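*Asks:* A single structure is presented below for examination.
Throughout, read-outs are computed from the coordinates displayed, never taken from laboratory work. Owing to the predicted nature of the structure, the values given are computational and were not obtained by experimental measurement. So basically every Cβ, Gly included, is an ideal-geometry build from the backbone, and we count neighbours across all protein chains shown.
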Amino acid sequence: MSDLVNINIDGKPCAVPAGLNVIEAAKLAGVEIPHFCYHPNLQVAGSCRLCLVSIGTPARDRATGEPVLNPDGTQKIAFMPMLAISCGTKVSEGMHVVTNSPQVKAAREGVLEFLLLNHPLDCPICDKAGECKLQEYSENFGRGRSRYVEEKNAKPKKVPVAGGRIMLDAERCVLCSRCIRFCREIIGRDIFGFIRRGSKNEISVYGDDGGDSNYIMNVVDGCPVGALTEAAFRFKMRPWFMRVVNCVAPESSAGVNTNVWVRENTIYRITPRANPFVNDSWTSDSSRYEYKIVNSDLRLRRMRVDGAPCEPGYALSRAVDVLKSDPRIAVVASARQPLEEQFLLAEFASMAGAKVYAVSHLGEDDGFLVSADRTPNMRGLFVSGLIKEYPKPDLSDLAAEIRMGNIKTVLCLCEDATSLGLEEKDFKLANFVYCGVNDSLTARLAKVALAISSNFEHAGLFINRQFRLQKFDKAVCAPKGVLDFSAIAVKFINAFGASLAENPDIGQLRMRISEMCPILPKGCETGEGGVVIDSSAFASIKFPETKSLHFLDNE
Amino acid sequence: MWISRITKRICAGGGRLEDPDLLLSIADGICGRTVCAHGEGMAWPVQSNVSKFKDEYLAKIRRQLAGEGASRLDNNSYRLI
Amino acid sequence: MAIVVVERKKLSFWERTYLPQIAGGLWITLKNLFRKKVTLEYPEQRPALPARYRGAPTLVKDPDGREKCVSCQLCEFVCPPKAIRVSPGAIAEGSPYSHIEKAPAKFEINMARCIFCGLCQEACPESAIVLQKEFSVNGFDRKSFIRGKADLYEKGGVLPDNVMKWRKASLNAEKSKGGR
């Protein structure tokens, strides 16, 4: 840990790690300093002047260097005559910070008043209402009534940028320059910029509007006001109605932490959750729309036996019959399942004596938050003992075994086998039990098709490319008739002789697998940012992910 | 910009009695709270001018309110710097 | 609390017969028989409602005929029994009000839940939802109690307004409203 520095905030002494700026130090002490242009993951701009605070340092005699003392013997603190910006000032030993003096309050009122002069009266129609920093700060630190009676400036509104994914409203911009800095530093090129000057200063896009970048929508989260808003979420729902669920994006093994916003069992949007170890405060645009699978037309909603829809109870019992019918059984595991389900599957495979296959889904690694491995939990397959080597991208081995007659029953999870090397005739040679979220040719050809819950409909654990164990919570309830795979797996395991508790809850599952596997923490407790587990057992396996944010970059 | 609009409004005949105090308050709000020194460069003359000649500003505004001279406030198009 | 002893006086002979008490009661009844009656014969006679009476909420239009609601959903949030449901929508580009951007696609008030508290009228930033004088709401099944947008606008009428804040400045120059 870095050294601690003693500072005094609003009369309260505290010790904070060295190297922090005053905004972060105040946050640790529980004092909120309003700011617009400062962002913890971007370079400091210091242009908004809202974070002005009164800073004083221990006074020293100019000639001798001796500390100057107060009449009562304590160290005299010399406060600077002008206020200083707290985002740009790093803490130093003995510093005193005052955020509640009349001078600081007047400064905040003044800055907010100037920002609100030309700000349009858009709160009822602005999407950011409820999560708008300007609203919060005006309420807490602002003047209350406007003294401006002149006409306001008009600027372009409702401008689609980023290929139509973002709506720009230049009148609402408070000129914090976070979008400009984000594009310049994180994406790497200039997309946003200021044009004109004085009160006509407005934000605009240059010729290339960033539509081809997969990270441009992070500016929507960065923008403190409603100048940049998500077009897909426009006018859909107000933030105060929605509840936030902590989830992990299932798009790739980067394991980006997300917030899923839900109201009454409908997901409205996904935004990134800050995790300094995994994704800073960013996420890729493609992972923002993963929730569409919950209600898509492709969704498998009813269980099927021999192609005919049926009740879940009957389908399950038929599935058990199929699985017990022949001891030459194989299991196709999925790297998209959470860890608890993978452990249950491993237990089933060992009890049934099944051979385990898996498929890797590879894409191009973009060096940031979309890794080459497009499944969230490939490493979970290794940790649960299901596989020992990195799987091939298809099921040709399984197809060969079926055609040779060595496999007569297959339990296939979430993989569309017909696009991975199997053909229709294989479905006649072996009995398939398919458990999946989406309907596919495999589901239609399988003897028994069981509909299971998607990753937004159950809680679970993923292990990302850093071998970090992260947990995610249940966002919505699955549609009626769809079961959790953990309940199904327990039924299968019990059919083979065990006597596990039916419908286990997630806490029991996690405690059980942490007991079965020593490298997992007790009860699978992951803490705030996830916990990195010991991966030395898998050091010899060649994973396809390459250097990326917080991964192999010596960070 | 706000200061320029208020002064233009006063020149055009639409000044209010609270405007000189408002000008001083705005200028105080700029000094010491900007990134660039041009803010103070613009605000200091306003502070010194209005505080030293405030009675002249108020006299002009009172004359306008009493109706002397043609009020040019119908022209709402302020040309900005 | 201290104990207070209540003194009970012994009743006199006449009082024990209860005749004076009965006579007193009958006298009060007789007096009231000849007083002016306050009974209102509803439904032929309706009560005189004060000007700000809190009846059923309605949506109003402004003098230009524009629907005032911009579906900000503040009324939905503040409503204690959650009687209001709003689905916001966008205003079409060609409309003369496209600069306002938002209008409700659906606006429903469930009169079975509404408690006529008036918080929605207080919360509305556009003065678009106004409680008017209707106090008797009936229906034969629960579904008929849910009033949709068209119904609410029809019951609402026009709210007189001399500020007209959404009118564009170019129009205002002619109407000489002025900025102050």
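*Asks:* Is any residue of the stretch A:1-37 close enough, with backbone N under 14 Å, to a label point placed 7 angstrom from the Cα of A:THR74 along the Cα-Cβ axis, and if so, which?
*Replies:* A:7-14
*Asks:* Under a cut-off of 22 Å between alpha-carbon atoms, report the lysines in cross-link reach of A:LYS388, not counting same-chain residues fewer than 8 places apart.
*Replies:* Cα-Cα hits under 22 Å: A:LYS355, A:LYS542.
*Asks:* Tell me, what is a quarter of the convex hull surface for the C-alpha atoms of the stretch A:413-511, in nm² with one decimal?
*Replies:* 8.2
*Asks:* Follow-up. If you build a Gaussian network model of chain C, linking Cα atoms that sit under 10 Å apart, which residue out of C:PRO96, C:PRO57, C:PRO88 swings the most?
*Replies:* C:PRO96
*Asks:* List the pairs from C:LYS68/C:LYS102; A:LYS292/C:LYS149; A:LYS152/C:LYS165 whose alpha-carbon separation is above 21 Å, in the order I gave them. The partial results should precede the final answer.
*Replies:* On the way: C:LYS68/C:LYS102 10 Å; A:LYS292/C:LYS149 29 Å; A:LYS152/C:LYS165 13 Å.
Distance filter (> 21 Å) returns A:LYS292/C:LYS149.
*Asks:* Averaged across A:125-131, how many Cβ atoms of other chains sit within 10 Å of each residue's Cβ atom?
*Replies:* Working: counts 13, 3, 3, 0, 3, 4, 0.
Partner Cβ neighbours, averaged per residue: 4.
*Asks:* Moving to a separate point now. Okay, helix-only estimate at 222 nm for the protein assembly as shown: each DSSP H run of n ≥ 4 adds -39500 (n - 2.57), divide by all residues, round to 500 deg cm²/dmol; what do you get?
*Replies:* Only helices count here, giving -7500 deg cm²/dmol.
*Asks:* Let me ask something additional. I need the calculated FRET efficiency for the pair C:GLU44 and C:SER144, taking r as the beta carbon distance and R₀ as 25 Å, to the nearest 0.05.
*Replies:* Here the calculated transfer efficiency is 0.45.
*Asks:* Name the residue farthest towards the positive end of the dipole of the stretch A:272-348 from the options A:LEU344, A:VAL278, A:MET303, assuming +1 on Cβ of Lys and Arg, -1 on Cβ of Asp and Glu, about the Cα centre.
*Replies:* Of the listed residues, the answer is A:MET303.
*Asks:* Please list, in chain and number order, the residues 5+ apart from A:GLU150 or on another chain whose amide H is under 5 Å from its amide H, with Hs placed from the backbone.
*Replies:* none
*Asks:* Taking the Cα atoms of chain C, what is the range of coordinates along each of the three principal axes, in descending order and whole Å?
*Replies:* Projected onto its principal axes, the Cα set of chain C covers 93, 45, 35 Å.
*Asks:* Based on the mean of other beta carbon atoms within 10 Å per residue, what is the order of A:131-139, C:18-26, most packed first? Please list the in-between numbers first.
*Replies:* On the way: A:131-139: 17.6, C:18-26: 10.0.
Ranking, from highest mean packing down: A:131-139, C:18-26.
*Asks:* I've got another one for you. Among C:ILE109, C:CYS69, C:ALA90, whose Cα projects farthest towards the positive end of the dipole of the stretch C:57-163, with charges put on the beta-carbon of Lys, Arg (+1) and Asp, Glu (-1)?
*Replies:* C:ILE109
*Asks:* If you don't mind, there's one more thing I want to ask. Which one, B:ALA66, C:LEU159, A:LEU413, is farthest towards the positive end of the dipole of the protein assembly as shown when Lys and Arg carry +1 and Asp and Glu -1 on their Cβ?
*Replies:* B:ALA66
*Asks:* Placing unit charges on C-beta atoms (Lys and Arg positive, Asp and Glu negative, everything else neutral), compute the dipole magnitude of the stretch A:4-100 about its Cα centre in debye, rounded to 20. Present the calculation step by step, with values, prior to reporting the outcome.
*Replies:* Values: 7 positive and 7 negative charges, 37 e Å.
Charge dipole of the stretch A:4-100: 180 debye, to the nearest 20.
*Asks:* Taking just the C-alpha trace of the stretch A:326-400, give me its Rg and Dmax in Å.
*Replies:* 13.2, 46
*Asks:* Order of A:272-280, A:376-384 by packing, highest average Cβ count within 10 Å first?
*Replies:* Details: A:272-280: 19.7, A:376-384: 27.0.
Most protected by this proxy first, the peptides run A:376-384, A:272-280.
*Asks:* Which is the longest part of chain C that has none of the GluC sites (Glu not before Pro) sitting in a DSSP loop with at most 15 other Cβ atoms within 10 Å? Can you show the working numbers first?
*Replies:* Working: sites that count: C:GLU7, C:GLU41, C:GLU44, C:GLU93, C:GLU134.
Longest gap between qualifying sites, sites excluded: C:45-92.
*Asks:* In Å, the Kirkwood hydrodynamic radius of the stretch C:57-163 over pairs of distinct alpha carbons? Display every interim value, and only then the final one.
*Replies:* On the way: mean 1/r = 0.0704 Å⁻¹.
About 14.2 Å for the stretch C:57-163.
*Asks:* I've got another one for you. Can you list the trypsin sites (Lys or Arg not before Pro) in the stretch C:1-52 that are in a DSSP coil and have 14 or fewer other beta carbons within 10 angstrom? Walk me through the numbers before you get to the answer.
*Replies:* On the way: sites: C:ARG8, C:LYS9, C:LYS10, C:ARG16, C:LYS31, C:ARG35, C:LYS36, C:LYS37, C:ARG52; in loops: C:ARG8, C:LYS9, C:LYS10, C:ARG35, C:LYS36, C:LYS37, C:ARG52.
Those satisfying the criteria are C:ARG8, C:LYS9, C:LYS10, C:ARG35, C:LYS36, C:LYS37, C:ARG52.
*Asks:* Additional query: Can you give the FRET efficiency to the nearest 0.05 for A:SER92 and B:LEU58, using r as the Cβ-Cβ distance and R₀ = 41 Å?
*Replies:* Working: r = 48 Å, r/R0 = 1.18.
Efficiency, rounded to the nearest 0.05: 0.25.
*Asks:* How would you order A:225-237, A:535-547 from highest to lowest mean count of nearby Cβ atoms within 10 Å? Intermediate values should be presented prior to the final figure.
*Replies:* Working: A:225-237: 19.7, A:535-547: 12.3.
Highest-to-lowest ranking by the protection proxy: A:225-237, A:535-547.
*Asks:* Hey, what's the Cα Rg ratio for the protein assembly as shown versus the globular rule of thumb, 2.2 N^0.38 Å? Don't skip to the end; give the middle numbers.
*Replies:* Numbers: Rg = 35.6 Å, N = 816, 2.2 N^0.38 = 28.1 Å.
Relative to the 2.2 N^0.38 Å estimate, the protein assembly as shown comes out at 1.27.
*Asks:* Can you tell me the alpha carbon radius of gyration of the stretch A:84-235 divided by the globular rule-of-thumb value 2.2 N^0.38 Å?
*Replies:* Numbers: Rg = 17.0 Å, N = 152, 2.2 N^0.38 = 14.8 Å.
In units of the 2.2 N^0.38 Å rule of thumb, it is 1.14.
*Asks:* Amide H to amide H under 5 Å from A:VAL359: which residues, 5+ apart in sequence or cross-chain, H placed 1.01 Å off N in plane?
*Replies:* HN-HN under 5 Å from A:VAL359: A:ALA335.
*Asks:* Answer rounded, prolate or oblate for the stretch A:165-236, using the Cα gyration tensor with square roots of eigenvalues a ≥ b ≥ c: rounded when a/c is under 1.5, else prolate when a/b is larger than b/c, else oblate. Each step should come with its number before you reach the end.
*Replies:* Numbers: a/c = 1.70, a/b = 1.10, b/c = 1.55.
Because a/c hits 1.5 or more and a/b fails to exceed b/c, the stretch A:165-236 counts as oblate.
*Asks:* Defining a contact as two alpha carbons under 8 Å apart and six or more residues distant in sequence, what relative contact order in percent does chain A show? Show your work: numbers first, answer last.
*Replies:* Working: 1094 pairs, mean separation 59.2, N = 555.
Result for chain A is 11 percent.
*Asks:* Give me a comma-separated list of calculated 3J(HN,Hα) values for the stretch A:89-103, in order, Karplus coefficients 6.51, -1.76, 1.60 applied at θ = phi - 60°, integers in Hz, x for any Gly or Pro.
*Replies:* 10, 8, 6, 9, 4, x, 6, 10, 10, 10, 10, 10, 7, x, 5
*Asks:* Report the calculated FRET efficiency for A:SER296 and C:ASP151 (r = Cβ-Cβ distance, R0 = 30 Å), to the nearest 0.05. Mind showing how you got there, number by number?
*Replies:* Values: r = 35 Å, r/R0 = 1.16.
E between A:SER296 and C:ASP151, to the nearest 0.05, is 0.30.
*Asks:* Amide H of A:ILE9: which non-local residues (sequence gap of 5 or more, or other chain) have their own amide H closer than 5 Å, using H built in the peptide plane?
*Replies:* Here the answer is A:CYS14, A:VAL97, since their amide H atoms fall under 5 Å of that of A:ILE9.
*Asks:* If the viscosity is 0.692 mPa s and the temperature 37 °C, what translational diffusion coefficient in µm²/s does Stokes-Einstein give for the stretch A:303-538 when Rh comes from Kirkwood over Cα pairs? Don't skip to the end; give the middle numbers.
*Replies:* Working: Rh = 18.0 Å.
Translational D for this selection: 182 µm²/s.
*Asks:* From other protein chains only, count the Cβ atoms within 10 Å of every residue's Cβ in C:66-75, then give the mean. Let's see the in-between values first.
*Replies:* Values: counts 0, 0, 0, 1, 4, 4, 7, 7, 6, 0.
Across the residues of C:66-75, the mean count of other-chain Cβ atoms within 10 Å is 3.
*Asks:* Which value, in debye to the nearest 20, describes the size of the charge dipole of chain A about its Cα centre when Lys and Arg Cβ atoms bear +1, Asp and Glu Cβ atoms bear -1, and nothing else is charged?
*Replies:* Working: 66 positive and 66 negative charges, 197 e Å.
Roughly 940 debye for chain A.
*Asks:* Let me spell out the model: positive unit charges on the Cβ of Lys and Arg, negative unit charges on the Cβ of Asp and Glu, origin at the Cα centre of the stretch A:303-538. What dipole size does that give, in debye rounded to 20?
*Replies:* Values: 25 positive and 30 negative charges, 95 e Å.
Approximately 460 debye in magnitude.
*Asks:* Give me the lysines in straight-line cross-link reach of A:LYS27: C-alpha distance below 23 Å, same-chain residues under 8 apart excluded.
*Replies:* A:LYS12, A:LYS90, A:LYS105, A:LYS133
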